[in-house]
Each structure stands twice: as C-alpha cells, then as structure tokens.
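Asker: I am attaching a structure below and will ask some questions about it afterwards.
Please treat every number below as a calculation from the coordinates, not as lab data. A quick note: this is a predicted structure, and the numbers were derived from the prediction, not measured. All Cβ positions, glycine included, derive from the backbone under ideal geometry; neighbour counts span all protein chains shown.
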Amino acid sequence: MTAEHVAIIMDGNGRWAKKRLLPRSAGHRAGFRRMLSLCEHAFERGVRCLTLYALSEENLSRPKEEVEALFSLFREFFPTQAPKLKERGIKLRVIGGLALLPEDIRAMIPPSEELTAGGTRGTLYLALAYSGRGEIVSAANRAVKEGKEVTRETFSSFLSVPPVDLLIRTGGELRLSDFLLYESAYAELYFTKKFFPDFTNGDFDKALKEFSLRDRRFGRI
Ligand code: FPP
C-alpha cells in the first residue's frame with residue numbers, strides 16, 4: 001500500500017546547527033533547503049498530500065531572533081515557491097493560527113493559494129503557528145455555530161487536512177507535539193534520529209518502504 005498522505009515533523013534544525021557551531025538560524029535555512037527538495041521528491045514518489053510542520057503555536061515563544069529567522073524563510077518561500085508549485089501542478093494550502101503571523105506574511109498566503117488552486121497532482125499543506133488541539137477546538141466551535149451535531153466522519157470535514165497515512169518525525173524525539181492529533185488517529189508513525197537537514201530523499205524512500213510493509217488493521221484483526 002502506498003502512503004497517500006504523509007506528514008512530517010521537521011525537527012532537529014537547531015541541534016544540526018549546534019553540532020556545526022552555527023547559529024540556530026543556519027539550521028533552519030538548511031532545513032528549508034532540505035524541505036524544498038523533499039517536497040519535489042515526495043510528489044514524484046506518488047504522495048498525494050504532504051503536510052509539513054514548519055512552525056507550532058508554541059514555537060512563537062522562542063527568542064525573537066529565531067522566530068524572525070523563520071519568518072524570513074516564510075517571506076522567501078511564498079513568492080519564490082508558489083509559481084514553481086503551480087508549474088508542477090501542486091496546490092498549496094496553509095493551515096494554522098494564521099492570525100498569529102505578521103501581517104505581511106499573512107498577506108502572502110491568499111495569492112499563493114489562489115495561484116496554485118488549479119493543481120491536480122497533489123496538495124502541499126504548510127502548518128504555520130499550528131496547534132492540533134487548537135484546530136480541533138475551532139472545528140468544534142464552527143460545527144456548533146452551524147448548529148450541527150457531528151459524527152466522527154462529518155467532523156473531519158471541519159478539519160484542514162485529510163487523515164494521515166504516514167507521520168514522520170525527524171530529530172529523535174518520540175512525541176506528536178500537538179501536530180494533526182485528530183487526523184493522525186490511525187497514522188503509521190515513523191521516527192528517525194536524523195536531524196531534519198540530514199534527512200535525505202533516500203531516507204524518505206526508506207520511510208515509504210517501511211510504511212508499505214506495515215500491516216494496517218485499523219483496529220480489526
Ligand atoms: C524544529 O527544529 C523546526 C522548526 C521549529 C522549524 C522548521 C522549519 C523549517 C524546516 C523551514 C521551514 C520553512 C518554510 C518556508 C516553511 P528545532 O529548531 O526545534 O530543532 P532542535 O530540536 O534541534 O532545537
């Protein structure tokens with residue numbers, strides 16, 4: 001079975017930089033470069049949805065200098081990558097607490113999403129200022145506002161991304177860190193100690209291969 005929806009917690013940029021006596025911002029830039037290559041590669045491998053955890057809501061409390069370094073990467077990402085994604089038929093969607101982002105970054109999102117809206121090859125979901133619990137709570141509130149009693153199935157339509165098949169976390173930690181909590185209910189989990197900037201396209205293929213060998217029973221026998 002192939003993984004249609006792969007989600008990645010891109011962890012370890014800071015430690016990658018520390019190992020090289022570089023500032024943490026250099027780790028994020030290395031992660032950014034890795035992310036761009038991985039994005040191309042994943043869709044070439046037949047992945048239909050790729051969701052990347054680029055910034056958690058909690059990450060916003062890191063020192064200002066680090067948060068600003070990440071914001072600079074976002075500022076670079078939208079104008080340079082949206083046209084490339086469009087060319088490759090990939091739709092871009094940004095999810096998360098977008099109100100928490102600086103105004104100029106927020107303003108880059110709708111035009112980038114519109115530019116790529118016709119993409120039929122796959123969807124790249126970028127999670128910015130994201131919280132899984134936050135997403136569930138706001139989905140529940142929207143359902144309440146619409147006066148709808150939800151089921152597990154209909155609740156999914158209030159969420160931002162489809163169910164996750166394979167959840168990869170780099171950097172050696174064994175936790176979900178508030179990422180796609182509802183959507184990952186039956187995700188296969190894949191943890192690697194490699195720091196994200198060292199996680200190669202070949203490593204990604206290894207994760208896909210392992211996924212294809214897993215026995216997904218969804219609670220059945
Ligand atoms: C976690 O590693 C990683 C982040 C908080 C940022 C991830 C961002 C990128 C890979 C670039 C994203 C860029 C765009 C444009 C989407 P960490 O800093 O927590 O690493 P550590 O655990 O080693 O300290």
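Asker: Restricting to the chain, compute how many DSSP beta bridges are antiparallel as a %, nearest 5.
Answerer: The antiparallel fraction comes to roughly 0 percent.
Asker: Then there is this: Considering the dipole of the chain built from charges on the beta carbon (Lys and Arg +1, Asp and Glu -1) around the Cα centre, which of ALA82, LEU52, MET1 is farthest to its positive end?
Answerer: MET1
Asker: Over region 27-74, how many percent of alpha carbon pairs lie in each 10 Å bin up to the one with the longest distance?
Answerer: 22, 47, 24, 6
Asker: Please work out, to two decimal places, the log10 of the ratio I(q)/I(0) at q = 0.15, 0.25, 0.26 Å⁻¹ from a Debye calculation in which every Cα of region 138-211 carries one identical scatterer.
Answerer: Each listed q maps to, in turn, -0.62, -1.13, -1.19.
Asker: Scan around ARG93 for amide H atoms under 5 Å from its own, H built in the peptide plane at 1.01 Å from N, and keep only partners 5 or more places away or cross-chain.
Answerer: LEU124, TYR125, LEU126
Asker: Run the reach check for LYS64 against lysines, Cα to Cα strictly under 27 Å, same-chain hits fewer than 8 apart removed. What comes back?
Answerer: Filter leaves LYS18, LYS19, LYS194.
Asker: Here's another thing I want to ask about it. Convert 37 °C to kelvin, take the viscosity as 0.692 mPa s, use the Kirkwood radius over C-alpha pairs of region 51-175 as Rh, and evaluate the Stokes-Einstein diffusion coefficient in µm²/s, rounded to a whole number.
Answerer: 205 µm²/s
Asker: Positive end of the charge dipole of the chain (Lys, Arg +1 and Asp, Glu -1 on Cβ, about the Cα centre): tell me which of SER156, ALA140, ALA69 has its Cα farthest that way.
Answerer: The residue sitting farthest along the positive end of the dipole is ALA69.
Asker: Right, another one. Using just the alpha carbons, could you tell me how many Å³ per residue the convex hull of region 1-94 encloses?
Answerer: Convex hull volume per residue, Cα atoms: 109 Å³.
Asker: Moving on. If you count, for each residue, the other Cβ atoms within 10 Å and average over each peptide, how do 39-48, 8-17, 79-88 line up from highest to lowest?
Answerer: In decreasing order of mean packing, 39-48, 8-17, 79-88 become 8-17, 39-48, 79-88.
Asker: Given charges of +1 on the Cβ of Lys and Arg and -1 on the Cβ of Asp and Glu, with all other atoms neutral, how large is the dipole of region 98-221 about its Cα centre, in debye to the nearest 20?
Answerer: In debye, rounded to 20, region 98-221 gives about 460.
Asker: Under a Cβ-only charge scheme (Lys and Arg +1, Asp and Glu -1), can you give me the dipole magnitude of the chain about the Cα centre, in debye to the nearest 20?
Answerer: Its charge dipole is roughly 540 debye.
Asker: Given the C-alpha centroids of region 203-217 and region 113-178, what is the distance between them in whole angstrom?
Answerer: So the two Cα centres are separated by 22 Å.
Asker: For the chain, what log10 I(q)/I(0) values come out of the Debye formula at q = 0.15 1/Å, with one point per alpha carbon and no solvent?
Answerer: Taken in order of the listed q values, log10 I(q)/I(0) reads -1.04.
Asker: Tell me, MET108, MET35, MET1 in order of fewest to most beta-carbon neighbours within 10 Å?
Answerer: Arranged by neighbour count, lowest to highest, MET108, MET35, MET1 become MET1, MET108, MET35.
Asker: Follow-up question, since we're still on this one. Just need log10 I(q)/I(0) for region 68-141 at q = 0.12, 0.18, 0.22, 0.23 Å⁻¹, Debye formula, equal scatterers on the alpha-carbon atoms, no solvent, rounded to two decimals.
Answerer: One equal scatterer on each Cα of region 68-141 leads to -0.34, -0.73, -0.99, -1.04.
Asker: Counting other C-beta atoms within 10 Å, and keeping those with at most 15, which DSSP coil trypsin sites (Lys or Arg not before Pro) do you find in region 102-190?
Answerer: Qualifying residues, ordered by number: ARG121, LYS148, ARG175.
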